[in-house]
Amino acid sequence: EQFDFLLPYLNQLIPDDKRSFLTQFYSQTIQVTHELRIPIYHNVSANVIDYMSIALMISKVNWDIHDIMTQHNVYVDVLVKELQIFRTKFDDINEQLLPIPKAVYITVWDQILDKCFYTLVEGYANAKRCSNEGRALMQLDFQQLLRKLEKIIIDMKPLPHKEFVENYIKAYYLPEQSIEQWIRDNTVYTTRQRNALISMMTHLSKRTRMRLGQFLDDHERSRTPVYCLVITVIEMASALKAYNRFLHKYPTLAMSLTTGTTMGLGNIISQKVIEKKENIDWGRITRFAAYGYIFSGPFLRFWYFGLDKYFAAAKLKPVKMMIVDQMIGAPLLNGALVAYLPWSNGKSWQETKATVRKDLPSILKANYAVWPAIQLTNFYFIPVQHRVLFVNLVSLFWSTFLGFKTQPK
């Protein structure tokens, strides 16, 4: 505003041939200065209070109580005292040094309250246990804080961002059938804050708690670069978008179709690229694809979901899932394939056993050189519903290798 006021006078002082510089200065510099205020005010608001100490004080409160309290906790008074000190300094600057515009006043206090209320939720999320009475005490603390804040910040009513704390406290009382939707909708809270809420809700069944924990786990993984890359590739093609819809409706059928198709394509590549056959053996491709459609696809669907459920609450969950997968799943799938192919081609049982003894060790050796790292990535980054698809994308090359190794001699 001050620069706008000065513009007519500057125009009179500056020669005509230099006014283009003044116009450029106003259009490119002055017009964006208000945007630079936000990070500056953010830095001011971040240093007004020791937010970490307040969060630590909140986390040390015993929320697992069995009596209704009538007195708020000490951290409320500490926070109010620090805000009052800042208000006094803020007023001194306004009255004695430099008048503070109303817009600046509101912006600074808005950012301070945003950080204060976030600190409250972060402190509440650090509670190990919380009873109904403890949650009532949180509500009492917050209401006392609001009353005191309204006396400090008299020009901002209602106080902004208070719903962030209110919604978090009230969510504790939601019935089991409503909490899942709340967890899914309220992404403004961090995964850790929502997980803490679930763990403290004693009225939730163990099954619901595990399901919501799995949802938050998958949601957190979906934000990792590896998963984002995979999903970007998937969403680039409309056919794969249709696959996701089909997967949601018919998960076993969708995973069987992708597995069988991938194995068939891998065998075609093996015959044309590696073996350099002029005429494709369609019978061999059919047998290879049928194994994926009938056995491998359905097996992987239930295997991955079963592993995920069995190790739901385990520490180092992805590592344990990978170890079990490679100790049990890999020998079973590869061994069954090596036995199935000669048997389905009319070989006798004795010939089939000889083929398994001959080919399986080298196939497993190659498997253990490649798949542990792939499966660790799969179990750590990829949500359970997309794990078979991820494996199939990698398996195109693996199926090419298997097609070559298991070709009729």
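What to note about this one:
- In the range 284-326, residue modelled with the highest pLDDT [restricted to those that are part of a loop (DSSP other than H, G, I, E, B) and at negative phi]: 311
- Looking only at the range 174-186, and only at residues there that are open to solvent by 70 Å² or more (accessible area, probe 1.4 Å) and modelled with pLDDT of 90 or more, the one that is farthest from the chain's Cα centre (by Cα): 181
- Look at the range 133-146: where a residue is closer than 12 Å to residue 61 by Cβ and a partner is open to solvent by 10 Å² or more (accessible area, probe 1.4 Å) and acidic (Asp, Glu), sitting 6+ places away or on another chain with Cβ atoms under 8 Å, you get 134/64.
- Where a residue in the range 366-389 is in contact (Cβ under 8 Å) with a residue 60 or more places away in the chain and its partner, wherever it lies, is open to solvent by 20 Å² or more (accessible area, probe 1.4 Å) and hydrophobic (A, V, I, L, M, F, W, C), with Cβ under 7 Å and at least six apart: 377/226; 379/322; 381/226; 382/230; 382/390; 384/305
- Only residues that are open to solvent by less than 30 Å² (accessible area, probe 1.4 Å) and free of Cβ contacts under 8 Å to residues at least 40 places away in the same chain were counted in the range 343-359, giving 1.
- Residue in the range 312-323 that is farther than 17 Å from residue 263 by Cβ, in contact with a Pro (Cβ under 7 Å, 6 or more places away or on another chain) and surrounded by 19 or more Cβ atoms within 10 Å (Cβ to Cβ) present: yes
- Boolean, residue 93 is more than 38 Å from the chain's Cα centre (by Cα), at pLDDT below 90, more than 27 Å from residue 128 (Cβ to Cβ) and open to solvent by less than 70 Å² (accessible area, probe 1.4 Å): no
- In the range 157-169, the residues that are open to solvent by 20 Å² or more (accessible area, probe 1.4 Å) and of a type outside the set (D, E, K, R): 158, 160, 161, 164, 167
- Unmet requirement for residue 329, which otherwise passes all of (1) outside any helix (DSSP H, G or I); (2) touching a residue at least 24 places away in the same chain (Cβ under 8 Å); (3) small (Gly, Ala, Ser): (1)
The values are calculated or read from the model by the stated rules, or taken from the named source; none is laboratory data. No experiment lies behind these values; they were computed from the predicted model shown. A quick note on method: Cβ atoms are made from the backbone with ideal geometry, for glycine too, and the neighbour counts reach across all protein chains shown. For the accessible areas, the whole protein counts, side chains as well, though only heavy atoms, and no ligand, DNA or RNA atoms are used. Shrake-Rupley method; radii C 1.70, N 1.55, O 1.52, S 1.80 Å.
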